[in-house]
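J.: Got a structure here, written out as structure tokens. Questions coming.
Computed from the coordinates by the stated procedures, all read-outs in this text should not be read as laboratory data. A quick note: this is a predicted structure, and the numbers were derived from the prediction, not measured. Note that each Cβ is placed from the backbone with ideal geometry, even for glycine, and that neighbours are counted across all protein chains shown.
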Amino acid sequence: MKYRDIAAAAAAVLCITIPVYANSGMTFWEGTDNTGVMTSDRDCPLTVTHEDLDLYIEGLPKTRYDSREDFLSYNSSLKAEYTFYNPSDMHVKAVLSFPLGKMPMYAYYDPDKESYDPAPEKIAGQYGILVNGKEADVQLRGTYMGYDGFDFKKDITGLKDSYASHPFYRFDMPVTHYEFRIDDVDEKETAAAVKCRFEGDSSKTRLLFRPFNGGTFTDEYSEVQIWADEGKADLYVIGEDLDSVPEWKVVRSGDNDTEISGEVTLISRDIMTLGEFVLSGYDGSWGIPETDYCNAWIEMMGQSGSSMLAAEEFDLRSGTMLYWYQYAIELDPHETLVNTVTAPLYLSIDTGYEEPVYSYTYYLSPASTWKEFGTLDINLHTDLNLLECVPEQSEKTDEGYRISLPGLPEGELEFSVCTVQDPKKKPMKSGLPLPYLIVFTAVLIGLIILIRKK
């Protein structure tokens with residue numbers, strides 16, 4: 001009876017129809033959304049009487065760049081020209097921030113540095129800010145963005161000139177670094193891992209691992225797993241140190257954690273401050289201040305909650321750092337000023353079509369934070385076909401498409417373009433891809449073995 005049940009279950013699993021593309025693989029690469037210039041001063045009296053937004057699609061992005069130079073050759077860009085007016089009777093100096101966005105998913109990734117390259121300041125060096133036709137003094141800034149998308153009300157508050165405060169993380173607190181070596185594990189044990197369990201007060205101690213391959217979080221304890229073939233494990237104890245050196249087990253992962261031969265040896269222990277630890281990952285060539293990097297790290301780690309096991313922090317450059325231009329403008333009473341911002345325009349790529357579809361979002365809603373916002377002209381310079389566009393009132397021009405608005409629309413600017421007017425979805429095929437078939441077959445065999453043991 002048991003065998004019949006297993007066979008029936010396996011047959012049901014194997015008969016599942018999963019739609020996949022004829023050439024399965026990644027089909028979407030995220031670009032970078034943008035928004036207009038903002039100020040964090042809620043009492044700023046400046047108004048925007050007009051904005052010209054020009055989007056130049058002069059080259060289409062690749063899904064992969066094999067060199068820094070190749071990525072820098074991508075030249076689609078945007079130009080936002082603002083006409084500011086000071087209606088007050090006082091001299092106004094305003095600090096403005098323009099979000100450049102994150103590095104797109106297809107940015108050149110340097111395998112030696114294990115991070116995206118070129119550094120942000122190399123990108124910023126191709127663009128800039130003009131105030132009444134003259135180059136402005138611009139500072140490149142950075143804040144932690146994470147994976148929740150852009151939120152202008154929250155993200156602009158991350159631009160601080162001082163170190164951020166946090167209920168747990170303080171830059172003068174101690175960090176104890178334990179370095180372990182993993183030895184003498186049988187090479188035939190392909191699922192070998194090392195595990196360690198910790199109990200403690202997360203209000204006094206947090207644990208961070210490099211590498212970190214998995215873990216368990218409960219109210220009573222935290223447990224970490226690292227694959228044995230990593231060869232080493234680095235533990236950083238943030239805050240109060242552990243009462244004793246952690247004891248590791250070498251196990252066969254997935255097999256009820258059966259202990260196997262192997263050894264984990266402590267080879268060094270040293271102490272530093274949290275500030276020293278965080279800045280050990282800071283690369284000055286990024287062009288952002290140390291305080292921005294440290295505050296982004298605090299924001300990133302703070303999102304892990306209050307668990308004792310902080311796990312492993314992410315690489316801030318790898319898709320989690322939001323970059324900004326920051327600069328100042330000054331206007332005398334009743335003066336008008338023209339501010340021009342140029343920045344890269346990183347389109348998203350959808351290759352689920354026979355001809356790729358490229359899309360982009362420019363957030364217009366943050367402009368509502370100005371005291372007043374006047375007319376808006378949007379020009380899309382491209383010889384591609386416009387598939388969808390919000391707002392919908394676009395008109396064809398000799399250079400592409402144009403939208404003229406008497407004021408801010410309710411939504412954002414969103415559009416997609418393609419080399420053809422009616423792109424077709426790539427053909428789908430039904431069935432179970434080979435990797436799934438292998439997995440399900442392995443599960444079936446494992447169930448039969450378990451029943452035979454019983």
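J.: ³J(HN,Hα) across segment 417-427 via Karplus (A = 6.51, B = -1.76, C = 1.60, θ = phi - 60°), whole Hz, x for Gly/Pro?
T.: Karplus values, whole Hz, x for Gly and Pro: 9, 7, 6, 10, 6, 10, x, 9, 4, 5, x.
J.: Continuing with this model, one more query. Sorted from fewest to most neighbouring beta carbons within 10 Å, what does the list TYR346, TYR147 look like?
T.: Ranked by crowding around the Cβ, least crowded first: TYR147, TYR346.
J.: Can you list the aspartates and glutamates whose alpha carbon sits under 20 Å from that of LYS426, skipping same-chain ones fewer than 8 residues off?
T.: GLU30, ASP350, GLU354, GLU355, GLU388
J.: Would you mind computing, in nm to one decimal, how far apart the modelled labels at GLU240 and ASP41 are, each placed 7 Å from Cα along Cα→Cβ?
T.: 4.6
J.: By how many nm would the segment from LYS134 to LYS371 grow when fully extended, if each residue of separation counts as 0.36 nm and the alpha-carbon distance is taken off?
T.: Once the chain is fully extended between LYS134 and LYS371, it gains 82.8 nm.
J.: What are the residues whose amide H is under 5 Å from the amide H of LEU408, where those residues sit 5 or more places off or on another chain and H is modelled from the backbone?
T.: It is none; the list stays empty.
J.: Same structure, new question: Arrange the following residues from fewest to most other Cβ atoms within 10 Å of their Cβ: ARG170, ARG42.
T.: Least to most surrounded, the residues fall as ARG42, ARG170.
J.: Here's another thing I want to ask about it. Would you mind working out the magnitude of the charge dipole of segment 174-311 relative to its Cα centre, with +1 at each Lys and Arg C-beta and -1 at each Asp and Glu C-beta, to the nearest 20 Debye?
T.: On the way: 11 positive and 28 negative charges, 32 e Å.
That gives a dipole near 160 debye.
J.: Listing THR32, THR336 from the residue with the fewest other Cβ atoms within 10 Å to the one with the most, what is the order?
T.: By the 10 Å Cβ count, ascending: THR336, THR32.
J.: Now for a different question. Starting from the Cα of LYS153, step 7 Å along the direction of its Cβ; do the same at LEU72; then give the gap between the two resulting points in nm.
T.: Reported label-point gap for LYS153 and LEU72 is 4.1 nm.
J.: Which ³J(HN,Hα) values in Hz, rounded to whole numbers, follow from the phi angles of segment 70-87 under the Karplus curve 6.51 cos²θ - 1.76 cosθ + 1.60, where θ = phi - 60° and Gly and Pro get x?
T.: Using θ = phi - 60°, the values come out as 5, 5, 5, 6, 5, 10, 5, 8, 10, 9, 10, 10, 9, 9, 8, 9, 9, x Hz.
J.: Under the 0.36 nm per residue contour assumption, what length would be gained going from the current alpha-carbon distance of LYS160 and ASP110 to full extension?
T.: Length difference between fully extended and current span is 15.0 nm.
J.: Cβ under 9 Å from THR361's Cβ, THR361 left aside: what net charge do those residues give with Lys, Arg +1 and Asp, Glu -1?
T.: Cβ neighbours under 9 Å give a net charge of -3.
J.: Hey, another quick one. Would you mind checking LYS102/LYS396; LYS134/LYS396; LYS195/LYS232 for any pair whose Cα atoms are more than 23 angstrom apart?
T.: Flagged as over cut-off: LYS102/LYS396; LYS134/LYS396.
J.: Okay, moving on. Dividing the convex hull volume of the alpha carbon atoms of segment 174-311 by its residue count, what do you get in Å³ per residue?
T.: With only Cα atoms used, segment 174-311 gives 124 Å³ per residue.
J.: Assuming R0 = 51 Å, can you tell me the calculated FRET efficiency for the pair SER304 and THR397, based on Cβ-Cβ distance, to the nearest 0.05?
T.: On the way: r = 50 Å, r/R0 = 0.97.
Step by step, r from the Cβ atoms, then E = 0.55.
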